[in-house]
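The values are calculated or read from the model by the stated rules, or taken from the named source; none is laboratory data. Computed from a predicted structure; not experimentally measured. All Cβ positions, even for glycine, are placed from backbone atoms using ideal geometry, and neighbour counts span all protein chains on display. Calculation scope for accessible area: heavy atoms of the full protein, side chains included, ligands and nucleic acids excluded. Shrake-Rupley method; radii C 1.70, N 1.55, O 1.52, S 1.80 Å.
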Amino acid sequence: MALLDIKVPDIGDFEEVAVIELLVKPGDMVRAEQSLITVESDKASMEIPSSQAGVVKELKVRLGDKVKEGSVIVVLESEGAIVAPQAASALASAAPAPASAAPAAPAATGSVEIRVPDIGDFKDVAVIELLAKPGEAVKLEQSLITVESDKASMEIPSSAAGVLKELKVRLGDKVNIGDVIAVVEAVAAASAAPAPVSAAVGVTPVPVAAPTPAPAVTAVPAHQPGGASAGLPHASPSVRKFARELGVPLNEVRGSGPKGRITAEDIQKFTQSIMTGTLQTKAQAAKAPAGGSGVGLDLLPWPKVDFAKFGPIERKELSRIKKISGANLTRNAIMIPAVTNHDDADITELESFRISTNKEHEKSGIKVTLLAFLIKACVAALKKFPEFNSSLDGDALIYKQYWHIGFAADTPNGLVVPVIKDADKKGILQISQEMSELAKKARDGKLGPADMSGATFTISSLGGIGGRYFTPIINAPEVAILGVCKSQMEPVWNGQEFVPRLILPLSLTWDHRVIDGAAAARFNAYLGQILADFRRVLL
Ligand code: CAO
């Protein structure tokens, strides 16, 4: 065992380059040639590999640090003999293009053959990306293809501005120095050098691969908006490889790294969004037939509107609660064949009982709420119609022998659903008290997972706010939810005359895979009867 400093090799004209990615962490086993960090100048990015196999003892650099030739980046516990740190100096020939070696802008008209430039030790490198299509206008230095060896990947730019007439290579083709990769119908650039340029012009000098270990270099990656590579995805070779392995279209991934660089994590998140169905690739969207294929949702992609075009805007991130509940609500709204039945309950007597009870218990500090009565009434209805207190498990129903009732609570950060456990065993006073405690915890953002789990049925009450009826979304894996709106005095025909009664609007949403319309109508009717006269619970 020996401790070995892995240093930045000779990286050509690069004076000081920024560390933009850490690819290993202390404790990681690394292979010889495995990339340790990615550095970037304004001309290129490159991965600095380890010259030895071993275990990372210490990372000597942090994101944003500036490094240059000879800077120690990692201390490695090497398994082999100590390797002279200068090993990396063999990289002299791996120097990427000097920053100053920008190509002379060629002025050419007519067909220009674009050839693979001198790419050093590379032989038979594979074409891994086609970055332009025939018919497209290409700028001078715009990358046309990406090639990759096992050491590095690089983009081959066009040496002429014009229209791409023909691509001479296909994905997977192997190319060598001098091979024609494309034909561009060139237009003379105003700023072009007057000297005539032969058709097979030399392109932007590109980084040269070196004997082992070579930095993996992405040529022409300087990702400056409006720059030559603007519009091209900005990612290191290993990230590109990772994206290719997963079939992720890089140009559809939003980079979260510095200067919009795409990181491995961005690729993972993109893949997750595709897998969970929250995102579609352009190719998937294009394939979606108008009538749907029965596979997935085949939805159109989400409309992208530049709102700022129409007026001033402000962008604010969704709260954590909204992000989590949004994903759940979307799944529940899409996956459950839900139906909502609206009904009314006469709560005239119940409300006067509630008011008198509150007067009686004034000193106790407990406020008896309508919601507490609703919870008790729902428990009675759930006991009478047990499928409303069930959950789907594949082709089976799980009937729960407990009655835990969730209630939606509005908080400054979004909607949460605390749960009154064993509501069947508790009285109205206890439920009222627990509800007020849970509602306070909810508003203070102090609810724990235990406070919000285990519900068998949920009530969403907007009664204190207003409205008539609404269609609540079922809180899966529950199979029904009761929405309650504001009660109001209404004239009700009692057979002889209209009498003023306090009417409570109810909206019951139910999962049609589990519950039938008739059962839902019966559930609502029974709930209404109990709310009208709680003595019915005793029958
Ligand atoms: N009809 C008429 N008035 C009602 C009522 C109803 N259905 N329900 C409650 N009220 C009245 C109460 O009488 C009380 O009035 P006073 O202040 O004059 O006594 C007032 O509204 C507040 O009621 P409350 O203290 O009983 O509270 P609540 O049970 O209505 O609400 C809670 C508690 C946590 C449910 C509520 O704060 C809340 O967050 N509601 C919003 C839930 C929600 O957002 N649901 C939508 C989910 S779908 O997006």
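What list of ³J(HN,Hα) values in whole Hz, one per residue of the stretch 312-329 in order, does the Karplus curve 6.51 cos²θ - 1.76 cosθ + 1.60 (θ = phi - 60°) give from phi, with Gly and Pro shown as x? Once rounded to whole Hz, the list reads x, 9, 9, 9, 10, 5, 5, 5, 4, 4, 5, 5, 5, 5, x, 5, 5, 4.
A simple rule links phi to the HN-Hα coupling: the Karplus curve 6.51 cos²θ - 1.76 cosθ + 1.60 with θ = phi - 60°, which for the stretch 454-460 gives x, 4, 10, 7, 10, 10, 10 Hz, with x for Gly and Pro.
The residues neighbouring Ile530, those whose beta-carbon lies less than 10 Å from its own, together hold a net charge of +3 under the Lys/Arg +1, Asp/Glu -1 convention. Amide H contacts of Val187: Ala161, Gly162, Val163, each under 5 Å away and 5 or more positions distant or on a separate chain (H built 1.01 Å from N in the peptide plane; Pro and chain starts excluded). For the stretch 390-539, carbon and sulfur atoms together expose 55% of the accessible surface, with a 1.4 angstrom probe and every protein chain in place.
Could you tell me the calculated FRET efficiency between Trp493 and Leu539, based on Cβ-Cβ distance and R0 = 22 angstrom, to the nearest 0.05? List each step's numbers first, then the result.
Values: r = 26 Å, r/R0 = 1.17.
Efficiency, from the Cβ-Cβ distance: 0.30.
Listed values for the stretch 241-253 are Karplus-derived 3J(HN,Hα) couplings in whole Hz (6.51 cos²θ - 1.76 cosθ + 1.60, θ = phi - 60°), namely 5, 4, 4, 5, 4, 8, x, 8, x, 4, 6, 9, 9, and x replaces Gly and Pro. Tell me the carbon and sulfur percent of the accessible area for the stretch 111-172, rounded to whole percent, probe radius 1.4 Å. Solvent-exposed carbon and sulfur of the stretch 111-172 make up 47 percent of the total.
Kirkwood Rh over Cα pairs of the stretch 345-493 into Stokes-Einstein at 20 °C, 1.002 mPa s: D in µm²/s? Stokes-Einstein gives a translational diffusion coefficient of 132 µm²/s.
Expressed as a whole percent, the accessible surface of the stretch 255-385 that belongs to carbon and sulfur atoms is 60, based on a 1.4 Å probe. Under a 5 Å amide H cut-off, with hydrogens placed 1.01 Å from N, Ile474 pairs with nothing among residues at least 5 apart or on other chains.
Mind checking the per residue accessible area of the stretch 387-434 for me, 1.4 Å probe, whole number of Å²?
Numbers: 2280 Å² over 48 residues.
Per residue, the stretch 387-434 has an accessible area of 47 Å².
Put simply, the amide H of Thr263, placed in the peptide plane, has neighbours under 5 Å in Ser256, Gly257, leaving out anything fewer than 5 places away on its chain.
Anisotropy class assigned to the stretch 287-423 is oblate, per the alpha carbon gyration tensor with a/c at or over the 1.5 cut-off and a/b no larger than b/c.
Using only the Cα atoms of the stretch 465-532, build the gyration tensor, take square roots of its eigenvalues as a ≥ b ≥ c, and label the shape rounded, prolate or oblate: rounded if a/c is under 1.5, else prolate if a/b is larger than b/c, else oblate. Walk me through the numbers on the way to the answer.
Numbers: a/c = 3.33, a/b = 1.76, b/c = 1.89.
Oblate is the answer for the stretch 465-532, as a/c is 1.5 or above yet b/c matches or exceeds a/b.
Note on surface exposure: Trp510, Trp302 rank Trp302, Trp510 by accessible area, highest first, 1.4 Å probe.
Counting Lys and Arg as +1 and Asp and Glu as -1 over every other residue whose Cβ lies under 10 Å from the Cβ of Tyr469, the net charge comes to -1.
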